[in-house]
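K.L.:
I have a structure I would like to understand better, so I am pasting it below and will then ask my questions one at a time.
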Ligand code: NAD
Ligand code: SER
């Protein structure tokens, strides 16, 4: 206990895709109690034995934090709550409030709680959206992008992610005990859940549609390419960064990489297991432009070196060992997807 309050790990955005996977991973291992925050309830099913309490509410609501901080003292924070890239462009004012103001508020709370004797660790999932390649042609010839190149985001979401990365690093440098760490995630694909409001959503949507024997309308062109990572590999990477001693870290924001795949390559691979797959291309020029500005591959050497990021799946086993068997199981024994 600290000042009568219980030290906890806090996950905001815990009802989201990454939040659910991270909560299950963390809570199954026991350890420090976990409290969660989200606008939505947690999905059905036991979240794990160390989960203590879910606060349903808005990260922008001061009353939510008053209630939470009366009882708990977060020492490790995973700040996941956000509005993803495609949706952020359609609700720009709200996206700014949640992705920039909301994150700044949670960072300020963390900085207030931190002391040099009792630091607070703040882990932030940033995104490949912080990069902005000037054209499709430039993207096609670019080498895997490393952390300090092309930091010229083309979207509000990307600019908000970069702002929070910079803010976190600056607050840490001010001293006082805040320990800020960020990962720039590629597109993530889960066999259990579907994304909503992101721009990399075509890949998971297409694979889940194939398993449900439904036709799919793809909103990007055939050659659209992004790096994709299996959800468990990304969660493992986030946890490795979160628990690494500070002295091993040489940066505040790290790329996590993944298999570099185009829409056509994903379709060809999925059709090997689901030969009836039917895909129509109905381009959404706005989303296609966003993808054109994001790198097709990122260099994650720093994450591998500094905190041992080592994804278990490559381009082939992402499908053969993770997605295809997991998604088949999902739809053979259907349970309602969280969204
Ligand atoms: P998600 O949309 O599934 O989850 C976000 C969660 O935040 C949702 O459950 C939502 O209800 C909650 N939320 C939104 N606004 C809130 C508010 N005002 N107060 C409280 N909760 C709120 O997204 P995800 O894929 O789980 O992403 C989690 C984090 O990882 C986000 O910060 C996202 O930007 C980042 N990220 C995700 C990906 C990806 O491919 N999934 C890639 C890069 C970065
Ligand atoms: N996958 C995320 C999105 O598409 C990138 O942060 O929004």
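No value in this document is a laboratory result; all are computed from the given coordinates. Fair warning: this is a prediction, and the values are worked out from it, not measured in the lab. With ideal geometry, Cβ positions are generated from the backbone for all residues, glycine too; neighbour counts draw on all protein chains shown.
K.L.:
Mean separation of Cα pairs under 8 Å and 6+ residues apart, divided by the residue count of the chain: what relative contact order is that in percent? All intermediate terms of the calculation are to be shown ahead of the outcome.
P.N.:
Values: 666 pairs, mean separation 59.3, N = 339.
Dividing the mean separation by the residue count of the chain yields 17 percent.
K.L.:
Rounded to the nearest 0.05, what FRET efficiency do residue 289 and residue 44 give with R0 = 56 Å and r taken as the Cβ-Cβ distance? Could you check? Before the final figure, lay out each step's value.
P.N.:
Values: r = 38 Å, r/R0 = 0.67.
Taking R0 as 56 Å, the efficiency between residue 289 and residue 44 is 0.90.
K.L.:
Right, here's the next one. Apply the Kirkwood formula to region 125-270: the hydrodynamic radius equals the inverse of the mean of 1/r over all pairs of different alpha-carbon atoms; give it in Å with one decimal.
P.N.:
Values: mean 1/r = 0.0597 Å⁻¹.
About 16.7 Å for region 125-270.
K.L.:
Using the alpha-carbon centroid of each, what span in Å lies between region 1-31 and region 274-327?
P.N.:
27 Å
K.L.:
Related question: Quick one: divide the alpha-carbon radius of gyration of the chain by 2.2 N^0.38 Å and tell me what you get. Provide the component values of the computation, followed by the final result.
P.N.:
Working: Rg = 19.5 Å, N = 339, 2.2 N^0.38 = 20.1 Å.
Ratio of Rg to 2.2 N^0.38 Å for the chain: 0.97.
K.L.:
Sticking with this structure for a sec: Taking only the alpha-carbon atoms of region 207-294, what semi-axes of the equivalent ellipsoid follow from 5 times the gyration tensor eigenvalues under a square root, in whole Å, largest first?
P.N.:
Numbers: eigenvalues 210, 58, 18 Å².
After diagonalising the Cα gyration tensor, the semi-axes are 32, 17, 10 Å.
K.L.:
For the pair residue 94/residue 212, report the inter-label distance in nm, with labels modelled 7 Å from Cα in the Cβ direction.
P.N.:
Going by the 7 Å Cα→Cβ label model, 2.2 nm.
K.L.:
Additional query: For all pairs of alpha-carbon atoms in region 249-330, what percent lies in each bin of width 10 Å, listed from the first bin to the last filled one?
P.N.:
All Cα pairs, binned at 10 Å, distribute as 14, 34, 34, 15, 2 percent.
K.L.:
Can you check what the Kirkwood hydrodynamic radius comes to for region 171-254, Cα pairs only, in Å to one decimal?
P.N.:
On the way: mean 1/r = 0.0648 Å⁻¹.
Value: 15.4 Å, from the Cα pair sum.
K.L.:
Quick one: check the C-alpha center-to-center distance for region 159-210 versus region 46-82, whole angstrom.
P.N.:
The two parts, judged by their Cα centres, are 19 Å apart.
K.L.:
Just from the alpha-carbon atoms, what are the Rg and Dmax of region 1-90 in angstroms?
P.N.:
Calculated on Cα positions, Rg and Dmax stand at 13.2, 44 Å.
K.L.:
Okay, moving on. Helix 263-273 against the longest principal axis of the chain: what's the angle in degrees, Cα atoms only, rounded to the nearest 10?
P.N.:
80 degrees
K.L.:
Evaluate the relative contact order of region 109-171 (contact order divided by residue number), counting alpha-carbon pairs under 8 angstrom at least 6 apart; express in whole percent. Please report the intermediate quantities before stating the final value.
P.N.:
Details: 43 pairs, mean separation 23.9, N = 63.
With pairs under 8 Å counted, the relative contact order is 38 percent.
K.L.:
When 1/r is averaged over all different Cα pairs and the result inverted, which Kirkwood radius in Å belongs to region 179-218? Show your work: numbers first, answer last.
P.N.:
Numbers: mean 1/r = 0.0862 Å⁻¹.
About 11.6 Å, per the Kirkwood formula over Cα pairs.
K.L.:
Distances longer than 17 Å among the Cα atoms of region 274-316: what percent of all pairs is that?
P.N.:
Numbers: 577 of 903 pairs.
In whole percent, the share of Cα-Cα pairs in region 274-316 beyond 17 Å is 64.
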